[in-house]
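What follows is one structure encoded as structure tokens, with my remarks underneath.
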Amino acid sequence: MENTAIIPLEAKRELLKLRLLYLLTGLAGGLFNPYITTLFVHQGIGANVVGMLMSAGTLLSIAVQPVWGMLVDRYRQTKLVLVLSISVPAVLSFFYGVQYAAVIVMVYVLSIVFQATQSPVADSYAVTAAAKGRTSYGTIRSLGSLGTALGGYAGGFYLSHFEITRLWLPFLLLSLAGAATVLTLSRSTESKASAISLSQGMKELLGNRLFVLFLIACFFVNQTLTAYNSFFVLAFQEAGGSYSLVGTALLLASLTNIPSMLLAARILRGIGHERTLLLAAFFYALRWGIQWLFPVPAVMVGIQVLHGLSFGLFYVAAVEYVAGASGKKMQATGQSLFNMVFSGLGGIVGNLLNGYLFYSGGAQMMYLACTVSALIGAGMLYWINRMAKAHM
């Protein structure tokens with residue numbers, strides 16, 4: 001919690017704007033993203049092609065992030081890039097209603113190109129503003145989780161009254177409101193979000209042994225999250241669960257991020273970044289281990305309370321760890337590199353590996369592998385914690 005008595009008025013305004021930005025973009029993404037594969041199938045694209053398209057999109061997002069980083073570093077247009085990353089995919093979403101596969105694929109590719117840089121640039125803004133406002137990144141990011149939870153529920157309600165081809169309209173309106181919020185951010189926050197060349201920043205960060213080990217540990221931990229993001233509904237149905245319970249589980253998982261992210265600052269102050277990451281990695285392993293041992297719908301719903309203690313806590317601690325390792329001049333570069341490994345590479349490998357495990361050995365084999373992977377990541381984080389202590 002921030003001490004409002006000693007926070008400059010400008011800093012408080014920036015915090016308010018960024019919280020609104022995360023809420024709006026969370027609402028937009030939560031409303032639209034869970035249903036995009038269903039929309040593609042509705043428009044005549046086969047489910048197997050959709051899977052390939054999603055994997056290709058993740059790979060593309062990794063490839064274009066360095067390009068965006070170089071553009072930001074060269075022209076110092078961080079705000080413009082963030083506005084484009086939000087508004088262009090929103091405007092293009094109108095064309096998903098066209099029943100031509102080639103058009104839909106082209107629109108999706110263009111959307112990925114612009115959307116890839118949204119998270120790292122927004123996070124660099126949020127970390128900078130949180131430091132100036134004497135608060136934690138988690139108090140800003142938690143609004144994104146709240147928006148995602150509400151957006152997912154609102155999307156289901158909207159689709160019960162309108163065709164899925166009209167889902168672009170609320171997505172467009174919410175996204176444009178978010179882009180308008182970005183335009184009100186101060187130039188001082190923008191200038192601090194990216195102040196060193198991408199190539200130089202990459203070289204410095206990848207020369208840091210602890211930081212490289214941290215990225216590898218993040219990969220082992222987060223590739224397991226695809227077991228939830230991509231395969232939870234299928235695993236839940238395999239265990240005999242109903243669609244109504246699936247919705248309850250997804251909502252519960254999203255909502256648990258909020259208290260975890262709000263409490264993250266106290267936990268980080270109490271035990272430090274390395275130990276917090278280790279604790280969250282343990283909750284990842286516990287989450288998958290319980291679902292491996294007890295494949296029962298009621299257990300699979302209840303265990304979603306660990307989503308906030310695993311993903312929510314890990315993500316906030318990781319972003320702030322990257323901020324500390326990157327320094328003030330490499331915020332955008334550091335967050336981009338982290339995002340490329342955490343969401344990009346972890347997402348690609350996780351989808352391919354867990355997809356293979358699920359379809360060859362069922363949900364139990366997938367959850368067992370995820371438990372082992374999370375424990376490997378936890379072991380690496382324990383090693384990092386020991387090394388960090390030795391350098392103190």
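The values are calculated or read from the model by the stated rules, or taken from the named source; none is laboratory data. Given the structure is predicted, the values throughout are model-derived calculations rather than measurements. Here the Cβ positions follow ideal geometry from the backbone for every residue, glycine too, while neighbour counts run over all protein chains shown. When the accessible area is computed, the model is the full protein with side chains, heavy atoms only, and any ligands, DNA or RNA have been set aside. Shrake-Rupley method; radii C 1.70, N 1.55, O 1.52, S 1.80 Å.
Do you know which residues across the range 146-184 are of a type outside the set (S, T, Y), under 23 Å from L16 (Cα atoms) and surrounded by fewer than 16 Cβ atoms within 10 Å (Cβ to Cβ)?
Answer for the range 146-184, where residues must be of a type outside the set (S, T, Y), under 23 Å from L16 (Cα atoms) and surrounded by fewer than 16 Cβ atoms within 10 Å (Cβ to Cβ): L173, A180, L183.
Cβ-Cβ under 6 Å, sequence separation 6+ or interchain: first residue in the range 104-125 and acidic (D, E), partner open to solvent by less than 30 Å² (accessible area, probe 1.4 Å) and assigned to a helix (DSSP H, G or I). Which pairs?
Taking only residues 6 or more apart or on different chains, the pairs are D123/V319; D123/Q335.
Quick check on my filter: what residues within the range 129-145 are buried (at least 24 other Cβ atoms within 10 Å of the Cβ), part of a helix (DSSP H, G or I) and not aliphatic (A, V, I, L, M)?
Within the range 129-145, G138, R141, S142, G144, S145 qualify.
Residues of the range 249-303 being of a type in the set (A, V, I, L, M), open to solvent by less than 10 Å² (accessible area, probe 1.4 Å), modelled with pLDDT of 90 or more and under 14 Å from V316 (Cβ atoms), which ones?
Scanning the range 249-303 gives L277, A280, A281.
Hey, could you check the range 370-392 for residues that are open to solvent by 30 Å² or more (accessible area, probe 1.4 Å) and among the hydrophobic types (A, V, I, L, M, F, W, C) and say which is nearest to V233 (Cα to Cα)?
Out of the qualifying residues, it is V372.
Out of all the residues in the range 325-337, is one or more open to solvent by 20 Å² or more (accessible area, probe 1.4 Å) and β-branched (V, I, T)?
Here is the first cut: in the range 325-337, the residues open to solvent by 20 Å² or more (accessible area, probe 1.4 Å) are 325, 327-329.
If we keep only those that are β-branched (V, I, T) as well, we get none.
No, the range 325-337 has no match at all.
Looking at the range 206-235 only, could you name the residues that are of a type in the set (G, A, S) and open to solvent by 50 Å² or more (accessible area, probe 1.4 Å)?
Those that are of a type in the set (G, A, S) and open to solvent by 50 Å² or more (accessible area, probe 1.4 Å): G207, S230.
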